[in-house]
Amino acid sequence: MQVTETAAAGLKREYRVVVPATDLAAKVNERLDDLKGRVQLRGFRPGKVPVAHLKRLYGKSTMAEVIEAAVREANSKIVTDHGLKLATEPKVVLPSEEGAVEGVIEGKSDLAYTVEMEIVPPITLADFKTIELTRLAAPVTDEELDQALAALGEQNRPFVAKAAGAEKGDRVTVSFAGTMAGEPFEGGSGEDVPMVLGSGQFIPGFEDQLIGIKAGENRTFDVKFPDGYPVPNVAGKDATFAVTAKAVEAPGTVTLDDDFAKTLGLESLAKLRDALRERIEREHAAASRQKIKRALLDQLDARHKFEPPPTLLEEEFNNVWSQIENDLKQQNRTFEDEGTTEEKARAEYRAIAERRVRLGLVLAEIGDKNNIKVTDEQLTQAIVTQARLVPGREQQVWDYYRNNPAAIASLRAPIFEDKVVDFLLELTKIADKQVSREELFKDDED
């Protein structure tokens with residue numbers, strides 16, 4: 001095999017590879033000789049099929065397999081011999097002349113092809129022990145606990161049937177059918193749908209039209225969908241709804257006591273408060289973790305500046321930009337509505353994509369240098385977690401991940417990232433700071 005570097009510019013490398021036809025033929029003969037001992041053909045005793053006969057039957061398909069293996073082995077040898085770390089899969093360019101590939105398959109020509117490779121630039125890792133971070137923590141106050149308990153009581157408030165007309169705060173169960181220009185539209189009808197008047201559950205104006213309605217009463221009224229409604233085919237359009245009130249119920253009172261706690265499966269109000277406190281503490285811990293992780297990634301981004309591989313950058317930007325365009329389309333909005341232009345938005349999101357690619361490479365380098373890996377047990381647990389989200393379809397979820405390497409990779413990536421972050425947080429200098437809940441959950445400007 002002969003390998004010649006034909007181009008080297010930036011992170012791009014190109015090589016011309018030539019594998020002699022004699023080498024390919026020898027590999028084919030080896031495979032056919034191995035096949036001879038296993039294949040059974042009519043008219044021949046086991047193990048006695050002549051190789052020449054096998055070559056007539058399986059020669060071309062075997063040569064195709066040998067060529068595929070030869071390309072794979074040659075590319076792997078190039079990477080190893082030159083100490084390369086690939087950013088993307090190698091791009092193999094076979095000869096385009098008519099009959100060239102057929103000549104190789106027929107064993108008449110050498111295998112000659114070009115392979116293009118894009119590599120990861122050398123990354124010099126920073127001294128992580130010099131990174132200083134602040135970890136925010138917010139204690140769970142009695143006021144916060146009382147608010148959570150009151151909200152829980154509100155969510156579980158009983159409703160009692162009433163004969164009078166519906167008022168704000170009442171729950172009305174309705175069936176409705178909507179039309180536009182006299183024609184039904186998708187998503188415009190529903191049966192036995194409960195709604196609390198004044199909750200804003202439906203589009204603006206819909207609930208207002210139900211004030212005063214009684215059980216069994218029919219009403220027909222017009223409302224307009226908001227211009228920014230997420231379903232483009234109805235956004236900004238007028239619709240007519242024929243509504244029947246199935247039930248009207250007034251909110252009852254709820255007493256936050258031991259009996260209330262027992263309706264939720266807990267022994268007492270004290271146990272319920274303890275459970276709420278634990279839930280809020282987990283929310284605080286998650287918010288604290290997210291903030292210090294963001295601060296750590298900011299530090300890594302500031303300390304590792306290099307040009308990311310162009311193909312990786314373009315792929316990441318296309319993914320980001322596609323999501324942005326889909327979001328705008330669903331919301332029926334434009335860049336002008338967002339206070340920017342498409343040109344400015346492209347520049348902004350390309351910078352975001354570049355940061356993501358660069359940080360991904362830095363985290364991968366840290367993991368590689370420190371032997372940080374995602375275990376099979378951790379992946380299995382992640383799949384189990386996903387399966388639990390769809391009760392009754394656990395086996396389908398399991399089979400999906402088992403048969404889909406890309407899906408497994410999508411689970412592995414965040415686990416790996418968190419493991420690297422945990423590793424780095426052990427090395428950095430962290431100062432703990434107590435703050436209020438408002439400050440802990442305050443959105444940082446991106």
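Data table
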{"quantity": "Nitroxide proxy distance, nm - points 7 Å out along Cα→Cβ at residue 430 and residue 328", "calculated": "4.0 nm"}
{"quantity": "Hydrodynamic radius of the stretch 281-391 per Kirkwood, over alpha carbon pairs, in Å", "calculated": "17.3 Å"}
{"quantity": "Violating pairs (Cα-Cα greater than 25 angstrom) within the set 129/433; 293/433; 271/419; 168/442; 329/419", "calculated": "271/419; 168/442; 329/419"}
{"quantity": "Quarter of Cα convex hull surface for the stretch 196-282, i.e. mean projection, nm²", "calculated": "9.1 nm²"}
{"quantity": "Helix axis angle, 269-303 relative to the chain longest principal axis, alpha carbon, degrees", "calculated": "40 degrees"}
{"quantity": "Using distinct alpha-carbon pairs, which all enter the 1/r mean, Kirkwood radius of the stretch 372-446 in Å", "calculated": "15.3 Å"}
{"quantity": "Equivalent ellipsoid, the chain (semi-axes from 5 times Cα gyration tensor eigenvalues, Å)", "calculated": "60, 33, 26"}
{"quantity": "Gained length - residue 106 relative to residue 336, 0.36 nm times residue gap less alpha-carbon distance", "calculated": "76.7 nm"}
{"quantity": "Of all accessible heavy-atom area on the chain, the percent that carbon and sulfur account for (1.4 Å)", "calculated": "49 percent"}
{"quantity": "Selected from 140, 384, 254 as most flexible by GNM, with the chain as the system and alpha-carbon contacts under 10 Å", "calculated": "384"}
{"quantity": "log10 of Debye I(q)/I(0), alpha-carbon scatterers only, for the stretch 124-237 at 0.11 Å⁻¹", "calculated": "-0.58"}
{"quantity": "FRET efficiency estimate (nearest 0.05) - Cβ-Cβ, residue 402 to residue 5, R0 56 angstrom", "calculated": "0.85"}
{"quantity": "Proximal charge balance of residue 364 [Cβ under 13 Å; K/R count +1, D/E count -1]", "calculated": "+4"}
{"quantity": "Nonlocal amide H pairs with residue 110, under 5 Å, H built at 1.01 Å", "calculated": "21"}
{"quantity": "Ratio Rg/Rh, restricted to the stretch 396-439 and using Cα atoms, in which Rh is the Kirkwood radius", "calculated": "1.28"}
{"quantity": "Principal axes of the stretch 147-205: Cα extent on each, largest first, Å", "calculated": "46, 29, 19"}
{"quantity": "Most mobile of 400, 229, 15 in a GNM of the chain (Cα contacts under 10 Å)", "calculated": "400"}
{"quantity": "Choice from 66, 420, 390 showing the highest fluctuation, given a GNM over the chain with Cα pairs closer than 10 Å", "calculated": "390"}
{"quantity": "Calculated SAXS-style log₁₀ I(q)/I(0) at q = 0.12, 0.19, 0.20, 0.24 Å⁻¹ - the stretch 109-171, Debye, Cα scatterers", "calculated": "-0.71, -0.97, -1.00, -1.11"}
{"quantity": "Cβ-based charge dipole, the stretch 193-345, positive-most Cα from 295, 251, 328", "calculated": "251"}
{"quantity": "Along each principal axis, Cα extent of the stretch 182-335, largest first, Å", "calculated": "69, 55, 19"}
{"quantity": "Interchain or long-range residues, amide H under 5 Å from residue 134's placed H", "calculated": "431"}
{"quantity": "Charge dipole magnitude, Cβ of K and R +1, D and E -1 - the chain, Cα centre, debye nearest 20", "calculated": "2020 debye"}
{"quantity": "Binned Cα-Cα distance frequencies in the stretch 319-380 - 10 Å width, integer %", "calculated": "18, 32, 22, 18, 10"}
{"quantity": "Cα principal axis extents for the stretch 84-188, largest first, Å", "calculated": "93, 63, 25"}
{"quantity": "Cα centroid of the stretch 375-434 to Cα centroid of the stretch 105-124, whole Å", "calculated": "34 Å"}
{"quantity": "Farthest positive-ward along the chain dipole, Cα basis, beta-carbon charges - from 130, 397, 153", "calculated": "397"}
{"quantity": "Semi-axis lengths, Å, the stretch 74-143, gyration tensor of Cα atoms, sqrt of 5 times eigenvalues", "calculated": "54, 18, 9"}
{"quantity": "Charge dipole (the chain, unit charges on Cβ, about Cα centre) - positive-most of 304, 74, 233", "calculated": "74"}
{"quantity": "The stretch 161-313, dipole about Cα centre (Lys/Arg Cβ +1, Asp/Glu Cβ -1), debye to the nearest 20", "calculated": "640 debye"}
{"quantity": "Extension reserve of the residue 263-residue 69 stretch, reckoned as 0.36 nm per residue once the Cα distance is removed", "calculated": "63.3 nm"}
{"quantity": "Principal-axis tilt of helix 310-331 within the chain, Cα atoms, nearest 10 degrees", "calculated": "30 degrees"}
{"quantity": "Cα convex hull of the stretch 320-446, projected area averaged across orientations, nm²", "calculated": "12.2 nm²"}
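The values are calculated or read from the model by the stated rules, or taken from the named source; none is laboratory data. Bear in mind the structure is a predicted one, so any value in this text is a computation, not a measurement. Here the Cβ is made from the backbone with ideal geometry for all residues, glycine too, and neighbour counts use every protein chain on show. Remember, those area values only see protein heavy atoms, side chains included, never the ligands or the DNA or RNA. Shrake-Rupley method; radii C 1.70, N 1.55, O 1.52, S 1.80 Å.
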